[in-house]
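Everything on this sheet refers to the single structure shown next.
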Amino acid sequence: MCGIVGYIGEKQAYPILIDALKRLEYRGYDSSGVSIIDQQKPEMVIRKSQGKIIHLEELIKSHPLPPSTIGICHTRWATHGMPNNVNAHPHKDCSGKIVVVHNGIIENYEELKNALLKKGHTFLSQTDTEVVAHLVEEHYQGDIFKAVQKTVKQLKGAFALGILCLDDPKTLIAARVGSPLIIGIGKNENFIASDVPAILQHTKKVIYLKEGELAKIQKDKVQIFDFNGKAVSFKVDKVTLKVDTVQKQGYPHFMLKEIHEQPHVLTQMFRHCLKPKAVSLDEIGLSDKQLKDMTQIFIVACGTAYHAGMVGKYLIELLAGIPVAIDVSSEFRYRTPIIGKKTLVLAISQSGETADTLAAIKEAKAKGAKIVSICNVVGSSLARISDGVLYTHAGPEIGVASTKAYTAQLGVLYLLAIKLGLAHKTLSPKNASLLMKDLKQIPSLYARILKDKHTIERIAEQNAHFGCFLFLGRNINYPSALEGALKLKEISYIPAEGYAAGEMKHGPIALIDEYRAVICLAPESDLYEKMISNIQEIRSRKGKVIALATEGDAIIHAHADHVIYVPKTNKLLTPLLMALPLQMIAYYIAVKRGCDVDQPRNLAKSVTVE
Ligand code: G6P
């Protein structure tokens with residue numbers, strides 16, 4: 001949520017900053033801004049614009065920036081104050097010498113603002129961020145680093161900050177609590193960014209700034225301190241990401257590219273983790289004995305990751321016989337879950353930076369639970385505070401609506417459930433082998449679904465005019481229905497509800513008439529007939545039915561208006577297969593309706609504020 005980039009070096013800062021900022025646009029895109037130091041005059045120059053980064057670029061074309069080799073920039077997801085030019089970052093102090101970009105929320109900003117107003121500071125925006133600029137100004141006595149150090153000690157909440165001061169045009173300052181920030185190390189140039197892909201084409205050497213750290217960055221030197229000003233040691237990591245993984249590679253949208261990457265992601269995962277008679281999850285951080293001793297599991301996650309977790313609950317309870325409770329992170333953190341030393345908390349998060357999930361984990365840890373996270377971003381905050389990490393290794397997911405990260409989370413949950421089932425001896429080695437064999441087939445079944453994408457595209461387009469969709473599923477595909485509805489509403493803005501099909505009569509049936517479309521998940525399963533009964537109830541009320549069924553099912557055509565077939569597989573694995581057509585239905589409907597698929601309104605990919 002909000003993207004920050006900073007540059008200091010020998011090259012022209014603006015082209016580097018704007019290019020890097022565009023790679024962070026998935027984090028927020030309601031307004032953006034840049035600030036550079038005009039070293040000739042000298043003068044601090046700021047340009048800001050409402051809307052996407054392209055508007056900032058247009059503004060700078062008509063109002064060019066002077067040459068400069070140091071600057072910071074920001075793309076915003078509004079929390080405090082409307083998305084407009086005034087509230088866009090960077091924010092400056094009264095003198096105009098100090099500028100700040102910020103990701104996160106300064107929770108005590110009102111108290112600080114009132115005190116600063118009393119001291120005569122003039123505020124221009126409604127943001128929480130502007131207090132930081134004025135507070136630094138208040139502490140500034142010729143040493144910008146010391147002023148920032150005093151400032152960060154007064155801030156409460158979450159923040160990643162990038163700060164420049166006109167009096168010290170050779171220094172870029174960064175600080176972090178909660179929100180992520182990295183430092184990129186180049187040759188005679190250094191960077192700051194909210195995420196690695198922003199600076200990947202300039203350097204692969206990065207420092208992950210830790211909680212409560214402050215960095216003083218010059219073009220050939222980086223120093224890191226704690227908030228008391230004590231120098232701390234740091235490690236420079238080499239990232240292995242490739243530049244092309246953060247490009248569209250010919251696809252019209254990142255979302256479509258990421259949908260097509262799913263066979264590859266799962267092939268790699270299963271090749272690495274499925275051994276002849278065992279599941280290898282190297283980084284789980286718990287011994288088989290510890291896994292065996294676990295008597296209860298809690299799953300916490302948000303959004304799509306929560307739906308993956310729901311599938312995980314069905315799987316773990318069925319295969320390993322361990323009771324599993326699941327909560328959205330924002331609920332878990334504010335209630336009193338009963339947690340003991342034999343509780344395993346599984347946190348699922350693509351980004352590993354979701355504020356509610358991080359807070360939930362901290363609560364659970366304090367109560368003595370072991371934490372294993374399922375995470376996509378290597379080195380993320382969640383990964384670092386967990387006892388073990390099961391990386392999904394899906395590669396950077398840029399489309400705001402999650403696709404490949406979801407099926408990769410499911411993949412890991414299948415592996416974990418098998419491992420737990422074997423450890424608890426509730427799953428026989430023979431049944432485990434059969435399931436593992438079926439899992440290995442999933443990527444080739446994905447390839448078949450993708451090959452027939454035009455059928456899905458046609459059906460999606462024929463139904464794109466409906467003003468409301470209902471998604472129904474049962475048992476292990478109930479979460480699939482929730483995820484299908486979430487995908488559709490996220491990117492097409494069509495009201496869509498996911499329901500357990502058995503609950504249809506308890507409310508949603510009232511919605512059904514000829515103006516509603518109902519997507520019914522009806523793969524081969526023990527509850528297939530029950531789903532057919534639901535479909536009949538919908539049809540007799542004139543609702544349009546799009547059924548997702550198993551290849552070879554000849555009966556379904558008599559009941560549904562449209563049928564999308566998925567290949568036959570083990571019944572337990574059907575959520576993996578259902579995911580693809582559901583993603584594609586949402587995608588093609590959104591495209592047909594002219595929506596911005598990769599950057600849907602009001603959303604952000606990484607929700608680093610509560
Ligand atoms: C946001 C995104 C969703 C995502 C959720 C959880 O709401 O728009 O796509 O599922 O955050 O994110 P996480 O990174 O924790 O999986």
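Which count do you get for residues in region 580-596 that are within 16 Å of the ligand (Cβ to nearest atom), in a loop (DSSP other than H, G, I, E, B) and in contact with a Ser or Thr (Cβ under 9 Å, 6 or more places away or on another chain)? Result for region 580-596: 1.
Of all the criteria given as (1) in contact with a Pro (Cβ under 7 Å, 6 or more places away or on another chain); (2) open to solvent by 30 Å² or more (accessible area, probe 1.4 Å), the one not satisfied by Gly33 is (2). Quick check on Leu135: is it assigned to a helix (DSSP H, G or I) and in contact with a helix residue (DSSP H, G or I) (Cβ under 9 Å, 6 or more places away or on another chain)? Against the criterion (assigned to a helix (DSSP H, G or I) and in contact with a helix residue (DSSP H, G or I) (Cβ under 9 Å, 6 or more places away or on another chain)), Leu135 qualifies.
Specify the residue that is nearest to the ligand (Cβ to nearest atom); the eligible residues are those in region 290-315 that are among the aliphatic types (A, V, I, L, M) and over 13 Å from Val345 (Cβ atoms).
The initial filter retains those residues of region 290-315 that are among the aliphatic types (A, V, I, L, M), namely 291, 294, 297, 299-301, 305, 308, 310-311, 315.
Among the residues that remain, those that are also over 13 Å from Val345 (Cβ atoms) are: 291, 305, 308, 310-311, 315.
Working: Leu291: 24, Ala305: 4, Ala308: 9, Met310: 13, Val311: 14, Leu315: 19 Å.
Ranking the candidates gives Ala305 first.
Quick grid of which residues meet (1) aromatic (Phe, Trp, Tyr); (2) open to solvent by less than 70 Å² (accessible area, probe 1.4 Å); (3) farther than 13 Å from Val563 by Cβ:
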position	(1), (2), (3)
Glu514	no, no, yes
Ala522	no, yes, no
Ser525	no, yes, yes
Glu529	no, no, yes
Ser533	no, yes, yes
Gln536	no, no, yes
Lys542	no, no, yes
Ala547	no, yes, no
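Just checking, does region 114-123 include any residue being open to solvent by less than 30 Å² (accessible area, probe 1.4 Å) and either farther than 24 Å from Gln12 by Cβ or in a helix (DSSP H, G or I) (or both)? There is at least one residue in region 114-123 that is open to solvent by less than 30 Å² (accessible area, probe 1.4 Å) and either farther than 24 Å from Gln12 by Cβ or in a helix (DSSP H, G or I) (or both). Val328 meets the conditions (1) more than 16 Å from the ligand (Cβ to nearest atom); (2) touching a residue at least 24 places away in the same chain (Cβ under 8 Å) in every case but one. The failed one is (1).
Ser373: within 9 Å of the ligand (Cβ to nearest atom) and either farther than 18 Å from Thr608 by Cβ or crowded, with 24+ Cβ neighbours inside 10 Å (or both), yes or no? Please lay out each step first, then the result.
Values: within 9 Å of the ligand (Cβ to nearest atom): no; either farther than 18 Å from Thr608 by Cβ or crowded, with 24+ Cβ neighbours inside 10 Å (or both): yes.
No; evaluated as a whole, the condition is false for this residue.
Given the structure, is Leu577 within 16 Å of the ligand (Cβ to nearest atom), in contact with a strand residue (DSSP E or B) (Cβ under 8 Å, 6 or more places away or on another chain) and in a helix (DSSP H, G or I)? Give the derivation first.
Values: within 16 Å of the ligand (Cβ to nearest atom): no; in contact with a strand residue (DSSP E or B) (Cβ under 8 Å, 6 or more places away or on another chain): yes; in a helix (DSSP H, G or I): yes.
So Leu577 does not fit the description; no.
Note on region 384-411: residues that are surrounded by 23 or more Cβ atoms within 10 Å (Cβ to Cβ) and assigned to a helix (DSSP H, G or I) total 8.
The values are calculated or read from the model by the stated rules, or taken from the named source; none is laboratory data. All of these numbers come straight from a predicted model, not from anything done at the bench. Virtual Cβ from ideal backbone geometry, glycine too; neighbours counted across all protein chains shown. Heavy atoms of the whole protein, side chains included, go into the accessibility calculation; ligands, DNA and RNA do not. Shrake-Rupley method; radii C 1.70, N 1.55, O 1.52, S 1.80 Å.
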